[in-house]
Amino acid sequence: MRYPPTEPLIPLGGLLPWLLLTVAIAGGASLVRADVLTGTFVVRDAVIGHTEQNYLLSAQVDVPVDDAVRDALRQGLPLKLEVEVEVARPRRFWPDASLADTTEHYELSYHAVTDRYRVDKGENDSRTNGERPTASDAATFPDLESALVYLGRVDHLPIVARAAVDDARRYNVDVRATVSVGDLPATLKLLMFWRQDWKRSTEWYTWPLSQ
């Protein structure tokens with residue numbers, strides 16, 4: 001279970017102009033937080049295949065973006081996408097028996113010098129039986145829409161070694177995605193009473209390992 005981070009205590013002393021500036025910025029940030037990450041956020045079109053070594057997951061994550069997120073990207077904050085995958089055997093009276101799990105970390109950022117959006121992929125945490133190849137991939141795009149499609153694309157992700165699966169019909173693949181806006185520098189965070197609560201997760205989606 002995840003709990004929201006505790007907000008730091010911010011001293012309220014200072015000159016009146018600074019207070020007015022701080023209140024104005026904080027008010028704007030509150031409005032942004034209220035509207036951020038709205039819209040449809042789903043994991044869809046999952047296809048599970050395999051090679052001689054591994055089962056592979058391909059899927060598309062539809063990432064919600066509104067004007068607040070667009071502004072945050074233009075101001076230098078990255079958009080982060082985390083994709084969690086678990087291969088487990090369902091059990092009727094007990095929690096599912098987990099066989100393997102992995103978490104992929106993708107990041108979208110805007111580069112003002114080139115006026116392009118960059119998507120970085122490849123960083124992962126995994127606990128699988130068998131070798132788990134990793135791949136680092138980065139690409140740039142002239143528009144946000146194209147970058148978002150690439151950001152949400154899960155392409156032939158190894159999720160479990162075939163040697164670890166006794167009968168694929170007995171296992172499910174559970175997938176969840178979490179999107180968040182990256183952190184601010186410490187100085188700006190102080191002025192904005194910043195909270196790291198720009199985060200939203202999909203529900204868990206389940207597909208059979210054997211397709």
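Fully extending the segment from GLN211 to ARG162 would add 16.2 nm, taking 0.36 nm per residue of separation and subtracting the current Cα-Cα distance.
Determine which residues of the range 150-169 fall in the zone a paramagnetic label at ALA139 would reach in this model, i.e. backbone nitrogen under 13 Å from the point 7 Å along Cα→Cβ. Within reach of a label on ALA139, which here means backbone N under 13 Å from a point 7 Å along Cα→Cβ, the range 150-169 contributes 150-156. With both labels modelled 7 Å from their Cα along Cα-to-Cβ, the ARG91 to THR103 distance reads 2.3 nm.
In this label model, TRP204 and ASP71 are separated by 3.7 nm, measuring between points 7 Å along each Cα→Cβ vector. In this label model, ALA112 and VAL149 are separated by 2.9 nm, measuring between points 7 Å along each Cα→Cβ vector.
Laboratory data are not the source of any read-out in this text; all were calculated from the coordinates shown. Note that this is a predicted model, so its numbers are computed, not measured. Reconstructed Cβ throughout: ideal geometry from the backbone, glycine too, with neighbour counts over all protein chains shown.
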